[in-house]
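Nothing in this text is a laboratory measurement; each read-out follows from the coordinates by a stated rule. All values derive from a computational prediction rather than experimental measurement. As a convention, Cβ positions derive from the backbone with ideal geometry for all residues, glycine included, and neighbour counts pool all protein chains shown.
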Amino acid sequence: MTTLFQEIAALPTEQRNTASQHIDIATVEQILTIINDEDARVAPAVRAELPHIAQAVEHIVTAFKSGGRLIYAGAGTSGRLGIVDASECPPTYGTDPDMVQALIAGGTPAIFKAQEGAEDRMDVGVQEIADKHVTGRDVVCGIAASGRTPYVFGALREAKQRGATTVMVTTNHKFREQFPNEPIDIVIAPNVGAEVVTGSTRMKSGTAQKLVLNMLTTASMIRIGKVYGNVMVDLQMTNLKLIERAKRVVMDVTGVDYDVAKRVLEECNGHVKTALVMILADTTKNEAVSRLEQANGFVRQAIEGK
């Protein structure tokens, strides 16, 4: 029996779930009920990790404010979830694509087709972080359901060597116990229990990871002024849907009609924040831009003149 076999066998993500042990002879409705019951465990498990998620958000906000980046690194499902989260930030919050980035073991081909051996290349994880010229201003977040992926360990070790803050998102609640020497500043480890299908971490583990990544970027974007009330106000008008959404945002927040929202947005070159400040503070475009600069991009403070 190899050491690797024993290590993997001990992982929480590899245990058998007693609730689904007879799922192969269940009806379709019974299968779906079992899956749904197990999925219901995910949100409470994530809630238990909120203190650690909050710590990570504080570091990410600090990174963003100092010109740093959030860089995800993962393999398989975990890597693809990082790519989804990173790729959605520019259209949703108007961020530079470099601000939130994602690395996946196996590179671009792994997004569409499993590159299973790629996750074992610790050296590649090291090199890809080096290629990103990571510094102490950055946050590097590893994503690994098992918490043991060599590619992710390589990325996090190199990031730590370069002074970056390191975060691990895993569903291995025994991570600290099993990997005490890994240089991770913050571990976020929801205990979602064994998967319905043993080891199929694209299920509950993937759902938990998606919830955590949503929290990391959404909370961070709110804290740097990308939201007014509960409305995204830095969205980019890059397609027809977003052009109309921008008008609706201006209409909903200010109470103006469609034609006024369209006219003001055109005057502001599509910049929703400027349009909102112009209307709500009853000011010119130049004054609105100046107020936003003084308020570090926060719409509410710009409107109030603080």
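The table below gives the values:
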quantity: Helix-derived mean residue ellipticity, 222 nm - over the chain, DSSP H n ≥ 4, -39500 (n - 2.57), to 500; calculated: -15500 deg cm²/dmol
quantity: Members of 262/285; 241/273; 226/273; 241/285; 247/285 lying beyond 20 Å, as alpha-carbon distances in this model show; calculated: 241/285
quantity: Debye, to nearest 20: dipole size of segment 154-306, +1 on Lys, Arg Cβ, -1 on Asp, Glu Cβ; calculated: 400 debye
quantity: Choice from 92, 13, 238 showing the highest fluctuation, given a GNM over the chain with Cα pairs closer than 10 Å; calculated: 238
quantity: Dipole magnitude (debye, nearest 20) for segment 1-54, charges at Cβ of Lys, Arg, Asp, Glu; calculated: 140 debye
quantity: Nonlocal amide H pairs with residue 102, under 5 Å, H built at 1.01 Å; calculated: 72
quantity: Cβ-based exposure ranking for 108, 33, 217, in which fewest neighbours within 10 Å come first; calculated: 108, 33, 217
quantity: Option label - volume of the Cα convex hull per residue in Å³ computed here, alternatives (1) 127; (2) 184; (3) 161; calculated: (3)
